[in-house]
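The values are calculated or read from the model by the stated rules, or taken from the named source; none is laboratory data. The shown structure was predicted, so the numbers you read here are calculated from the model rather than taken from an experiment. Heads up, the Cβs are rebuilt from the backbone with ideal geometry, glycines too, and the neighbour counts pull from every protein chain shown. Note: areas computed on protein heavy atoms with side chains; ligands, DNA, RNA excluded. Shrake-Rupley method; radii C 1.70, N 1.55, O 1.52, S 1.80 Å.
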Amino acid sequence: MFWAILGKTVSLVGSLLVGIIVARYLGPTQYGLMSYVISYVFLFQVFALFGLDAIEMREESRNERPKEVIIGTAFGLKVLFGFIFMAISIMTSWFMEADHHTTLLVAIYSLSIVFNAFVVIRNHFTAIVQNKAAIKAEISRTLLSLAIKTVLLLMNAPLTWFVCAYMLDFVVLAIGYSIAYRSRIGKLGDWQFDVHCAKYLLKESFPLLLTNAAVIIYQRIDQVMIGQMIDSEAVGYFSVASRFVEVLVFVPMILSQTITPLLVRAREKSQEEYIEKARQFMNFSFWLSMLISIVFSLSATLLIRYTFGEVYMPAAIVLQVMAFKTASVALSNTAGAMLVTEGLQRWAIIRDGLGCVACIGLNLWLLPKYGIIAAAFIAIASNVIAGYLADALIPAYRHLFVCQTKTLLVGWKDLIHIRRLFK
């Protein structure tokens with residue numbers, strides 16, 4: 001847990017720092033174009049992963065097949081899908097974009113889809129509970145990425161070079177993972193691709209593909225739609241606000257990872273104790289996140305001015321709204337932890353599907369009229385629909401909706417009794 005938190009913290013802080021440096025250098029329009037390209041390719045990357053990560057880790061934990069077969073098969077499938085969706089991303093960009101320079105940038109960055117296949121090594125270390133080796137590689141990548149982009153800035157490099165540098169992050173990480181695997185586990189050449197294993201992995205992972213795709217689409221489609229319906233400058237402002245939000249939502253995510261084992265143990269003891277712990281967990285997570293949201297919303301103007309600079313001040317009003325996404329994520333994540341604990345995740349695709357439809361529909365309706373401030377409100381609304389209102393529509397999740405409603409109304413009282421949660 002320590003190494004997982006350290007790795008994520010370094011990655012988030014490093015990403016924010018790199019984002020500030022690059023954004024101040026490129027300016028809103030070029031930084032917005034780069035953010036659009038990254039978000040656009042990321043949507044295809046989700047499909048290339050095919051939901052295989054969780055299934056790979058599960059199968060390795062079961063030890064029913066040799067790890068070389070599982071890793072090799074998952075790697076082969078991801079490389080195959082990587083090339084397929086890399087080609088699709090380039091072709092769709094070619095038809096959609098009048099500016100062929102944007103398509104060139106998409107083509108360059110889409111190479112990251114293929115190199116992301118090496119995440120199978122990260123999954124293996126997670127499955128055997130050896131996060132340290134993989135996270136060291138990720139920390140090294142973050143530091144090297146900061147150094148490379150600083151050099152490009154000093155060289156007055158054009159936008160294309162920065163897109164190449166962001167793609168190179170995946171190459172460096174792939175090399176780091178490979179070195180870690182070679183030094184601790186064995187040779188990559190020992191990996192084996194098995195057709196029967198491939199069919200099994202695809203069958204098991206397909207439902208997760210649908211769920212993951214829905215989540216990623218409603219979490220990341222906004223920047224793509226802003227780029228298509230407004231312009232790159234607007235994407236730049238929205239992306240700057242999103243950089244801070246990515247750091248903020250880490251709080252409820254870590255709380256969820258920390259508290260979930262306590263919920264599992266409480267449920268094994270008694271249903272009454274589990275319900276009480278779950279209630280306290282949801283109340284504490286949501287209202288702590290709400291306080292953080294309020295603080296960052298009030299300080300948004302100062303944050304933007306003294307980090308990204310005066311030229312990005314239109315992003316301040318977006319951050320004032322987007323800061324409250326942290327609280328909506330907390331409400332959704334706590335319910336998500338309870339779903340996993342209770343073994344009810346089979347209906348999660350309905351939750352995420354509703355959030356996806358709401359995000360796309362609301363952006364199509366409101367984005368042309370009200371601009372990026374509408375996208376900020378829609379980002380929160382999508383989370384609320386997927387992680388709260390949807391629970392009222394799904395019979396198996398209705399008890400979660402009741403618990404969430406009580407949290408919204410009177411949950412703040414548990415903030416003053418935080419120590420009860422960890423007893």
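In table form, for the structure just shown:
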| read-out | value |
| --- | --- |
| Region 279-303: number of residues that are open to solvent by less than 30 Å² (accessible area, probe 1.4 Å) and in contact (Cβ under 8 Å) with a residue 60 or more places away in the chain | 6 |
| Unmet criterion (only one of (1) open to solvent by 40 Å² or more (accessible area, probe 1.4 Å); (2) modelled with pLDDT of 90 or more; (3) farther than 22 Å from Phe47 by Cα) for Phe193 | (3) |
| So Gln257, is it more than 30 Å from Glu97 (Cβ to Cβ) and at pLDDT below 85 | yes |
| Flag if Met96 is over 23 Å from the mean Cα position of the chain (by Cα), in contact (Cβ under 8 Å) with a residue 60 or more places away in the chain, open to solvent by 50 Å² or more (accessible area, probe 1.4 Å) and farther than 30 Å from Ile128 by Cα | yes |
| Set Val172, Val235: member being without any contact (Cβ under 8 Å) to a residue 40 or more places away in the chain, over 15 Å from the mean Cα position of the chain (by Cα), buried (at least 17 other Cβ atoms within 10 Å of the Cβ) and on the phi < 0 side of the Ramachandran plot | Val172 |
| Residue list for region 50-80, restricted to those being within 20 Å of the chain's Cα centre (by Cα), of a type outside the set (Val, Ile, Thr) and either assigned to a helix (DSSP H, G or I) or within 14 Å of Trp191 (Cβ to Cβ) (or both) | Leu52, Asp53, Ala54, Glu56, Met57, Lys78 |
| Selection within region 12-48 - open to solvent by less than 40 Å² (accessible area, probe 1.4 Å) and either β-branched (Val, Ile, Thr) or more than 17 Å from Val163 (Cβ to Cβ) (or both) | Leu12, Gly14, Leu16, Val18, Ile20, Val22, Val37, Ile38, Val41, Val46, Ala48 |
| Residue that is surrounded by the fewest Cβ atoms within 10 Å (Cβ to Cβ), among those in region 238-278 that are hydroxyl-bearing (Ser, Thr, Tyr) and in a helix (DSSP H, G or I) | Thr258 |
| Tabulated pairs, region 78-91, first free of Cβ contacts under 8 Å to residues at least 24 places away in the same chain, second buried (at least 22 other Cβ atoms within 10 Å of the Cβ) and among the polar types (S, T, N, Q), C-beta under 8 angstrom, 6+ apart or interchain | Ile90/Ser110 |
